[in-house]
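So the structure is just underneath, and the comments pick up after that.
Quick note: the coordinates plus some simple rules give every number you see, no bench work behind them. Model, not experiment: these values are computed from the prediction. Here the Cβ is made from the backbone with ideal geometry for all residues, glycine too, and neighbour counts use every protein chain on show.
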Amino acid sequence: MKKIVLITCMALFTMVAFAQEKNKNMKFDVNGKCGMCKERIEKAALGVKGVKFASWDIPSHQLSVIMDERKTDAMKIKTAIVAVGHDTKELKATEEAYNSVHPCCKYREDNSDDGMNH
Ligand SMILES: [Cu+2]
């Protein structure tokens, strides 16, 4: 019986250690088009407490973040990003937030990658 308790404790400890990384690396899709979007997305992500690094790649639409999982989680970052008008896979920006982006950043109407024109 003691052994089972010990194993359970160790398993729990391991899970917690894995779940709460200080410098957790994450990548997820964020919709956008150009350098202005990049700035807006990164600024929004970095504005979330616990986010140490954010870099959005224009051609692949991938946002890479490094965050402290004890202070934040992916959902909080996504919430901040949709609040400035950029869609993620799980969360979509409201019409109001989307309409606040610059006209050249309207990624929903036109999916062409015109990042070079800005
Ligand atoms: Cu843009």
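For Lys89 and Lys22, what is the calculated FRET efficiency with R₀ set at 25 Å and r taken between the beta-carbons, to the nearest 0.05? So the FRET efficiency works out to roughly 0.45. Scanning the chain for GluC sites (Glu not before Pro) lying in DSSP loops with no more than 14 further Cβ atoms inside 10 Å, the longest uninterrupted stretch between such sites is 22-89. Where does the Debye-calculated log10 I(q)/I(0) of the stretch 22-109 sit at q = 0.11, 0.14, 0.23, 0.26 Å⁻¹, using only Cα point scatterers of equal weight, no solvent? Log10 of I(q)/I(0), two decimals: -0.25, -0.41, -1.07, -1.34.
Taking R0 as 22 Å, what FRET efficiency do you get between Arg108 and Lys76 from their Cβ-Cβ distance, rounded to the nearest 0.05? Please report the intermediate quantities before stating the final value.
Working: r = 24 Å, r/R0 = 1.07.
Once rounded, the FRET efficiency stands at 0.40.
Using a cut-off of 21 Å between Cα atoms, the listed pairs Lys52/Lys78; Lys27/Lys106; Lys22/Lys92 include Lys27/Lys106; Lys22/Lys92 as exceeding that distance. Calculated on the alpha-carbon coordinates, the convex hull of the stretch 19-72 measures out at 61 cubic angstrom per residue.
Using helices alone, I'd like the mean residue ellipticity at 222 nm for the chain: each DSSP H run of four-plus residues gives -39500 (n - 2.57), total over residue count, nearest 500. Walk me through the intermediate numbers first.
Details: 4 runs with 45 residues, N = 118.
Estimated from H runs of four or more residues: -11500 deg cm²/dmol.
Helix 2-19 and the long axis of the chain differ in direction by around 20°, with both axes built from C-alpha atoms.
Select from the stretch 3-81 those trypsin sites (Lys or Arg not before Pro) which occupy a DSSP coil region and have at most 15 other Cβ atoms within 10 Å, ordered by residue number. Working shown, then result.
Working: sites: Lys3, Lys22, Lys24, Lys27, Lys33, Lys38, Arg40, Lys43, Lys49, Lys52, Arg70, Lys71, Lys76, Lys78; in loops: Lys22, Lys33, Lys49, Arg70, Lys71.
For trypsin sites (Lys or Arg not before Pro) across the stretch 3-81 that sit outside H, G, I, E and B with at most 15 neighbouring Cβ atoms in 10 Å, the list reads Lys22, Lys49, Arg70, Lys71.
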